[in-house]
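Written below as structure tokens is the structure these notes are about.
The values are calculated or read from the model by the stated rules, or taken from the named source; none is laboratory data. The structure displayed is predicted, hence computed values, not measured ones. No Cβ is skipped: glycine too gets one built from the backbone with ideal geometry, and neighbour counts run over all protein chains shown.
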Amino acid sequence: MSKKIRVAIVGLGFGAEFIPIYQKHKDAEMAAICQRNAEKMNAVGDAFGIKKRYTDFEELLKDPDIDAVHINTPIQEHAWQSIKALKAGKHVACTVPMATSVEECRQIVEAVKESGKTYMMMETVVYSREFLFVKEMAEKGELGKIQFLRASHQQEMAGWPGYWEGLPPMHYATHCVGPVLALAKSDAEYVSCFGSGRIDDNLISKYGSPFAIESCHIKIKDSDLSAEVTRSLFNTARQYRESFDVYGSKKSFEWTLIEHEPSVIHTGEVPSRVTVPDYAHLLPEEIQAFTTGGVYDADSNQHLSFIQGSGHGGSHPHLVNEFLSALRDNREPYPNAKQSANITCVGILAHESAMQGGKLIPLPEFTLSNQVK
Ligand SMILES: NC(=O)c1ccc[n+]([C@@H]2O[C@H](COP(=O)([O-])OP(=O)(O)OC[C@H]3O[C@@H](n4cnc5c(N)ncnc54)[C@H](O)[C@@H]3O)[C@@H](O)[C@H]2O)c1
């Protein structure tokens, strides 16, 4: 694809973080924005100089001068918007998770197949500098044989928009499932998850999910590996943490326990603290600055998730570049629709497993990509 890809961003809370990256990327035209509240949308449009604005998603989809939509709306909107956009002939980048049910994931995979369009789930952790660092160590053979993977995402969601209240922890698990599957370079085959503890009664009623913490074991397909992931959203005392650990036969990587402190590499039994380098050099020059800086000048204007998540490990420009370069080079992005479905369905099925006392549940066939990055 030689001409610029004309992108519309839908949802302008977290979504606004991506506007200047598309504006700078040489393969993109930041063509339009969309959100329901016109007043807030106009403030963003004026701030970034974007003329085309839509308050109605379906009107946006009728615009023939839009090639791709990047969806950043609340979780419950992701699936229907992705399906409608694909059916309208648009490429789709969508923030996590892909959907809230296995059936919705299946429909998105189907819509990609039928439309021939590209879908990518914009999972931040698999483009964070920590992930790129450990992946590089693994590919150079420094870890030896990978023996086990573990990840956690613990975040207190009190005070966030109402749709978060009482959400089953594993329904938003991609930040910990993503890195363990991506490092294992495979799909999840089956899961077993235990729920633990209890959240406040007024939170439980919304989704019927009582657990404070859900902890899931994942069997990695066609591999001797398994992984464990832990999630909490409410009533659990802990600093924000999005982490992964990788245990190898020669070296292991363990994420820092306290944000902004160095992580640890164990060589045999000898630990050493490590400052993880930045990976901006993997990006086109014009967007390299975005791995270390937010998109606004005033620190106070950053999206809360960006501040709590330490800038999401510098992942935003990598995500934009992966989506655009996949379109330009006519290749699959990582994670593509099947891989995104596999990552997302681990969480959905893990919660089902927890509700049934830890029952072993297989991932559905349509999520098995047998293809790795
Ligand atoms: N690290 C990450 O990957 C990360 C971090 C933060 C948020 N997120 C994801 O981003 C999404 C948005 O998060 P947020 O905190 O900005 O949420 P939010 O609720 O604050 O904002 C959502 C935005 O979507 C718009 N919107 C809602 N329904 C719409 C519709 N039908 N059509 C068009 N616009 C619509 C709203 O006007 C608003 O601008 C969530 O799904 C969240 O999971 C991901």
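When you look at VAL112, is it closer than 14 Å to GLY11 by Cβ and either without any contact (Cβ under 8 Å) to a residue 60 or more places away in the chain or crowded, with 17+ Cβ neighbours inside 10 Å (or both), yes or no? So that I can check it myself, show each step before the final result.
Working: closer than 14 Å to GLY11 by Cβ: no; either without any contact (Cβ under 8 Å) to a residue 60 or more places away in the chain or crowded, with 17+ Cβ neighbours inside 10 Å (or both): yes.
The answer is no for VAL112.
Any residue at all in the stretch 351-366 that is small (Gly, Ala, Ser), assigned to a helix (DSSP H, G or I) and modelled with pLDDT of 95 or more?
yes
Are any residues in the stretch 56-107 hydroxyl-bearing (Ser, Thr, Tyr) and either over 27 Å from LEU167 (Cα atoms) or buried (at least 17 other Cβ atoms within 10 Å of the Cβ) (or both), and if so, which ones?
Pass one, the stretch 56-107, residues hydroxyl-bearing (Ser, Thr, Tyr): 73, 82, 95, 100-101.
If the condition is that a residue be hydroxyl-bearing (Ser, Thr, Tyr) and either over 27 Å from LEU167 (Cα atoms) or buried (at least 17 other Cβ atoms within 10 Å of the Cβ) (or both), then THR73, SER82, THR95, THR100 are the ones that fit.
Select from the stretch 81-98 the residues that are within 11 Å of the ligand (Cβ to nearest atom) and of a type in the set (S, T, N, Q) and write down the one among them that is farthest from ASP56 (Cα to Cα). Before you say what the answer is, go through the steps one by one.
Going residue by residue through the stretch 81-98, those that are within 11 Å of the ligand (Cβ to nearest atom) are 81, 84, 94-98.
With of a type in the set (S, T, N, Q) added as a condition, the list becomes 81, 95.
On the way: GLN81: 11, THR95: 19 Å.
Once the filter is applied, the top-ranked residue is THR95.
Among the listed residues GLY166, GLY159, which satisfies the condition of being free of Cβ contacts under 8 Å to residues at least 60 places away in the same chain, at positive phi and small (Gly, Ala, Ser)?
Step by step, each of GLY166, GLY159 is checked, and only GLY159 is free of Cβ contacts under 8 Å to residues at least 60 places away in the same chain, at positive phi and small (Gly, Ala, Ser).
If you go through the stretch 281-290 one residue at a time, do you hit one that is part of a loop (DSSP other than H, G, I, E, B), away from the ligand (no atom under 16 Å from the Cβ), modelled with pLDDT of 95 or more and touching a Phe, Trp or Tyr at 6+ places or on another chain (Cβ under 7 Å)? Lay out the reasoning, then the answer.
Kept after step one, since they are part of a loop (DSSP other than H, G, I, E, B), are these residues of the stretch 281-290: 283-284.
Right, trim to away from the ligand (no atom under 16 Å from the Cβ) and you get 283-284.
From the residues that got through so far, the ones that are modelled with pLDDT of 95 or more too are 283-284.
Checking which are touching a Phe, Trp or Tyr at 6+ places or on another chain (Cβ under 7 Å) leaves us with none.
No, there is no match, as no residue in the stretch 281-290 is part of a loop (DSSP other than H, G, I, E, B), away from the ligand (no atom under 16 Å from the Cβ), modelled with pLDDT of 95 or more and touching a Phe, Trp or Tyr at 6+ places or on another chain (Cβ under 7 Å).
State whether one or more residues within the stretch 74-96 are in contact with a Lys or Arg (Cβ under 8 Å, 6 or more places away or on another chain) and under 20 Å from PRO20 (Cβ atoms).
There is no residue in the stretch 74-96 that is in contact with a Lys or Arg (Cβ under 8 Å, 6 or more places away or on another chain) and under 20 Å from PRO20 (Cβ atoms).
Quick check on my filter: what residues within the stretch 135-157 are assigned to a strand (DSSP E or B) and of a type in the set (D, E, K, R)?
If we filter the stretch 135-157 for residues that are assigned to a strand (DSSP E or B), which is where we start, we get 146-154.
The answer is ARG150, and nothing else.
Do we find that SER101 is in contact (Cβ under 8 Å) with a residue 12 or more places away in the chain, polar (S, T, N, Q), farther than 22 Å from GLN76 by Cβ and within 16 Å of the ligand (Cβ to nearest atom) in this structure? Break it down into steps so the answer makes sense when it comes.
Details: in contact (Cβ under 8 Å) with a residue 12 or more places away in the chain: yes; polar (S, T, N, Q): yes; farther than 22 Å from GLN76 by Cβ: no; within 16 Å of the ligand (Cβ to nearest atom): yes.
Here the answer is no, as SER101 does not meet what is asked.
Among all residue pairs at least 6 apart or on different chains, which show Cβ distances below 7 Å where the first residue, located in the stretch 75-87, is aromatic (Phe, Trp, Tyr) and the second is more than 9 Å from the ligand (Cβ to nearest atom) and assigned to a helix (DSSP H, G or I)?
Filtered contacts from the stretch 75-87: no entries.
Taking the stretch 21-79 only, how many residues are closer than 23 Å to HIS318 by Cβ and more than 15 Å from the ligand (Cβ to nearest atom)?
12
Can you tell me which residues in the stretch 33-92 are within 30 Å of MET170 (Cβ to Cβ), not in a helix (DSSP H, G or I) and not basic (Lys, Arg)?
Applying the first criterion (within 30 Å of MET170 (Cβ to Cβ)) to the stretch 33-92 yields 34-36, 57, 68-87, 90-92.
After this cut, where a residue has to be not in a helix (DSSP H, G or I) as well, the list is 34-36, 68-74, 90-92.
Listed by number, the residues that qualify are CYS34, GLN35, ALA68, VAL69, HIS70, ILE71, ASN72, THR73, PRO74, HIS91, VAL92.
Hey, can you tell me all the residues within the stretch 6-19 that are surrounded by fewer than 21 Cβ atoms within 10 Å (Cβ to Cβ) and either more than 9 Å from the ligand (Cβ to nearest atom) or assigned to a strand (DSSP E or B) (or both)?
ARG6
Evaluate the stretch 250-257: report whether one residue or more is in contact with an Asp or Glu (Cβ under 7 Å, 6 or more places away or on another chain), over 27 Å from ILE348 (Cβ atoms) and β-branched (Val, Ile, Thr).
no
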